[in-house]
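**Student:** I have a structure here, written as structure tokens, and I will follow up with some questions on it.
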């Protein structure tokens, strides 16, 4: 009869001990895996709560400003347009001249400058009228949209008539091309930004005419 590797009393202790060791190892492995999973789930839950808080904050802000945004966007789009607004400014200046008893004789649009985030284009024009009216006109330019500044002005007066050659810079800027992340928190406007909006809303905005398309009309003679 072949004897075992270990005596019977040793085998009786060793075999249960081996099962116990394997069970302990399995328990430790399972516990480590479970703890890692729980930690991962807690981290995911924390991130989800954080995102929920950001989205709730955005919703609250949007609910507060939803009636103001369209008007503010319209104002800003006219005050600081996306594209070269020289022609719009020419129309604004002509309208201002019509109510200020002055006459615009020439316009000259210069090359636009796109070297920075804020672009500008020079607009040169000649204006005639009484000295008081010409000075009042030049002072009123700052109340027009798009945003502009007087770069140069040369005034000559003869026989009660003033003639001025004026160059203004008209500003414009491209709109943002990248939207912020949906989970990125937003902040309300600062007091300075709110003040700028109030100032911009007081400017004289350009008026645009929308033409209504007309249906084709049949004509008996092509020469009518």
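**Student:** Farther than 25 Å from residue 201 by Cβ and in contact with a strand residue (DSSP E or B) (Cβ under 7 Å, 6 or more places away or on another chain): which single residue out of 132, 102, 177 fits that description?
**Tutor:** Only one candidate qualifies: 102.
**Student:** If you don't mind, there's one more thing I want to ask. Quick check on segment 168-175. Is at least one of its residues over 17 Å from residue 81 (Cα atoms) and in a loop (DSSP other than H, G, I, E, B)?
**Tutor:** no
**Student:** Only one residue in 165, 156 is without any contact (Cβ under 8 Å) to a residue 40 or more places away in the chain, over 32 Å from the mean Cα position of the chain (by Cα), surrounded by fewer than 17 Cβ atoms within 10 Å (Cβ to Cβ) and assigned to a strand (DSSP E or B). Which one?
**Tutor:** Step by step, each of 165, 156 is checked, and only 156 is without any contact (Cβ under 8 Å) to a residue 40 or more places away in the chain, over 32 Å from the mean Cα position of the chain (by Cα), surrounded by fewer than 17 Cβ atoms within 10 Å (Cβ to Cβ) and assigned to a strand (DSSP E or B).
**Student:** Can you name every residue in segment 101-126 that is crowded, with 18+ Cβ neighbours inside 10 Å and either without any contact (Cβ under 8 Å) to a residue 24 or more places away in the chain or touching a helix residue (DSSP H, G or I) at 6+ places or on another chain (Cβ under 6 Å) (or both)?
**Tutor:** Answer for segment 101-126, where residues must be crowded, with 18+ Cβ neighbours inside 10 Å and either without any contact (Cβ under 8 Å) to a residue 24 or more places away in the chain or touching a helix residue (DSSP H, G or I) at 6+ places or on another chain (Cβ under 6 Å) (or both): 102, 104, 121, 123.
**Student:** Quick check: anything in segment 112-122 more than 32 Å from the chain's Cα centre (by Cα), outside any helix (DSSP H, G or I) and not assigned by TED's automatic domain parsing to the domain that holds residue 49?
**Tutor:** No, the conditions are met nowhere in segment 112-122.
The values are calculated or read from the model by the stated rules, or taken from the named source; none is laboratory data. Computed from a predicted model, the values in this text were never measured in an experiment. Note that each Cβ is placed from the backbone with ideal geometry, even for glycine, and that neighbours are counted across all protein chains shown.
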